[in-house]
Amino acid sequence: MNMTHTQAHDHQKVHAFLKQHPMGILSTVSADGSPWGSAIYFVADEDFNFYFVTRAETYKYQNLDKIPLAALTVADADSQTTVQLTGTISAIPVQKYMDVFFTKFMDIRPNGDYEWAPPVDKLKAGNYMPLCLTPKTLQFADYKQAKSDTNASYIEKII
């Protein structure tokens, strides 16, 4: 993908934010239309594919199994910065997930805490289900950034 210098800078900024904030709220909807939000740990690749794992008997997986669409919100209260995206969910082979996840796992582990594991490891709700969220839209917002133009947008469309 050929990007302008500005686009490349925007992508780097978003990747840096996501690397520092590896947890977000995944929003799904059930077959009967009920919304559900779940905290997930994720890793994102260079193309903004978001990889995460859940268990087969969780609400989020049951929802995604029926309606494979989701939204993800990653936020930092102190900097008033957010990444929001929507996209499609697909199951991925365990080996692909392991290749991606373990390459990036050290980035999300708090300060080299080798005993740390994501909360999914503590759930007993069925088999592990590795998933990928491929965004159709992705936006970055920095609401703390000073703007001289009162009509300027704080939201940057990335995808």
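The values are calculated or read from the model by the stated rules, or taken from the named source; none is laboratory data. All values derive from a computational prediction rather than experimental measurement. Here the Cβ positions follow ideal geometry from the backbone for every residue, glycine too, while neighbour counts run over all protein chains shown.
Within the range 17-31, can you find the residues that are under 21 Å from residue 55 (Cβ atoms) and either of a type in the set (Asp, Glu) or assigned to a loop (DSSP other than H, G, I, E, B) (or both)?
22, 30, 31
Can you give me the ranges of the strands (runs of 3 or more DSSP E) entirely in the range 49-159 with at least 3 residues that are surrounded by 13 or more Cβ atoms within 10 Å (Cβ to Cβ) and either at pLDDT 95 or above or not acidic (Asp, Glu) (or both)?
On the way: elements: 50-55, 69-76, 81-91, 128-142, 155-157.
The strands (runs of 3 or more DSSP E) meeting that bar are 50-55, 69-76, 81-91, 128-142.
Evaluate the following for residue 45: is it exposed (fewer than 14 other Cβ atoms within 10 Å of the Cβ) and under 11 Å from the mean Cα position of the chain (by Cα)?
yes
Each row is one residue, and each column tells you yes or no for (1) among the hydroxyl-bearing types (Ser, Thr, Tyr); (2) within 24 Å of residue 100 (Cα to Cα); (3) touching a residue at least 40 places away in the same chain (Cβ under 8 Å); (4) touching a Ser or Thr at 6+ places or on another chain (Cβ under 7 Å).
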| residue | (1), (2), (3), (4) |
| --- | --- |
| 9 | no, yes, no, no |
| 23 | no, yes, yes, no |
| 32 | no, no, no, no |
| 35 | no, no, no, yes |
| 54 | yes, yes, yes, no |
| 70 | no, yes, yes, yes |
| 73 | yes, yes, yes, yes |
| 79 | yes, no, yes, no |
| 83 | no, yes, yes, no |
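Among 27, 38, 79, which is polar (S, T, N, Q), under 21 Å from residue 126 (Cα atoms) and in contact with a Lys or Arg (Cβ under 7 Å, 6 or more places away or on another chain)? Outline the logic, then answer.
Numbers: 27 fails: in contact with a Lys or Arg (Cβ under 7 Å, 6 or more places away or on another chain); 79 fails: under 21 Å from residue 126 (Cα atoms).
Only one candidate passes the filter, namely 38.
Return the residue satisfying two criteria in turn: it lies in the range 14-35 and is farther than 19 Å from residue 134 by Cα and surrounded by 12 or more Cβ atoms within 10 Å (Cβ to Cβ), and of such residues it is modelled with the lowest pLDDT.
So the residue we want is 20.
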